[in-house]
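Beneath this line is the structure, given in structure tokens, with notes to follow.
The values are calculated or read from the model by the stated rules, or taken from the named source; none is laboratory data. From a predicted model like this one, the values you see are computed outputs, not experimental measurements. Neighbour counts run over all protein chains shown; Cβ positions are idealised from the backbone, glycine included.
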Amino acid sequence: MYRNYIYLRDHAMQPEELRQLSRQLVRQLGLLDNHCGLLKLTPVQAHTLIELEYAPCTVNQMADKLKVDKSNASRTLAVLLNLGLVESTPNPDDKRSQLFRLTLLGQQTLTSLHTQLNLHVQTVLDQMDSDEISQLKSSLTRYNKAIHTAHKQHGFTLRPLTPLDNASIAAIIRKVSAEYGLTADKGYGVADPTLDSMSEVYQPDNCQYWVIEKDHRVLGGGGIAALSNIDGLCELQKMYFLNELRGKGLARSLAVKALKFAREYGYNGCYLETTENLTEAIALYESLGFVHIPHAMGDTGHDACEVRMLKTF
């Protein structure tokens, strides 16, 4: 298993590799050039026109869409206004601001830009087979979403469970279980006798439990451990999150960390059990490649969980 860990670690993409590929992509796409396509538009000016194609914007809205500071967005819109590519009118929702939209010349210029760039990109796609294009679309979509999600997770920390966290995570599991009606008498995880001493349960090398905290307050957690009585498989366990964590992609971040741990340790797959009440969790597991299976596996002791899922590595 240790050799497996070294192999997977060495072949995983490292931050410096992704940064290098991103730099090469930026250069190949000409994003460092002063002109975008054959038109005398800078990349930020071109992106501004494209955003205005979807809907009129104020300076603040444009800055938010382009992820630039307000002064940059204001200068760009002023240049486009002088070129006659955009026009401004008082914002009906806030008289202190102006609403910018494309002029007819701006629409014509943008159409020409789209035509040029689409033709160029098509010559690139012509170098790839259909399955490669499909994989590229999926990967870029996922990467873009990951960047957006990472911004929302600022200030949160994902770290291993310690004995000092036992009381906090036990209270969270009880609170979330009660929220969804997962009572102890029905055989859910909240009834586990080790609930108040979880740091001891996850001490062996083949398992791990992580918590998510903000401002020194634990807000949720989840773990991975060997699936009882099934060789080569692990189980995703006790994924519970308070409402403050939801909608920020943190459950996915923790699950991804757990799956990476499972692969590195040498497990052949990961099993989980949940209930139909947890619709958001089921959707998350499906997005991670877990598939529904008709029967339970191992000896989890949670016979009330009617949804069983498996992901093989």
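Key figures
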quantity	calculated
Residue list for the range 131-166, filter: surrounded by fewer than 12 Cβ atoms within 10 Å (Cβ to Cβ) and over 26 Å from S22 (Cα atoms)	T162, P163, L164
Strands (runs of 3 or more DSSP E) (entirely within the range 195-304) containing at least 3 residues that are surrounded by fewer than 18 Cβ atoms within 10 Å (Cβ to Cβ)	291-293
Given (1) modelled with pLDDT of 95 or more; (2) surrounded by 21 or more Cβ atoms within 10 Å (Cβ to Cβ); (3) among the β-branched types (V, I, T), index of the condition I173 fails	(1)
Number of the condition not met by T312 [criteria: (1) crowded, with 18+ Cβ neighbours inside 10 Å; (2) at pLDDT 95 or above; (3) among the hydroxyl-bearing types (S, T, Y)]	(1)
Residue check, T115 surrounded by 14 or more Cβ atoms within 10 Å (Cβ to Cβ) and not assigned by TED's automatic domain parsing to the domain that holds A184	no
Residue within the range 189-204 that is aromatic (F, W, Y), in the same structural domain as E306 (by TED's automatic domain parsing) and modelled with pLDDT under 90 present	no
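Let's see how each residue does on (1) without any contact (Cβ under 8 Å) to a residue 12 or more places away in the chain; (2) outside any loop (DSSP other than H, G, I, E, B):
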{"residue": "L18", "(1), (2)": "yes, yes"}
{"residue": "L25", "(1), (2)": "yes, yes"}
{"residue": "A46", "(1), (2)": "no, yes"}
{"residue": "K65", "(1), (2)": "no, yes"}
{"residue": "S71", "(1), (2)": "yes, yes"}
{"residue": "S74", "(1), (2)": "no, yes"}
{"residue": "V79", "(1), (2)": "no, yes"}
{"residue": "G84", "(1), (2)": "no, no"}
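Matching residues to (1) farther than 22 Å from A184 by Cβ; (2) of a type outside the set (S, T, Y); (3) without any contact (Cβ under 8 Å) to a residue 12 or more places away in the chain:
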| position | (1), (2), (3) |
| --- | --- |
| A226 | yes, yes, no |
| N243 | no, yes, yes |
| Y271 | yes, no, no |
| A283 | yes, yes, yes |
| S287 | yes, no, no |
| G301 | no, yes, no |
| R308 | no, yes, no |
| K311 | yes, yes, no |
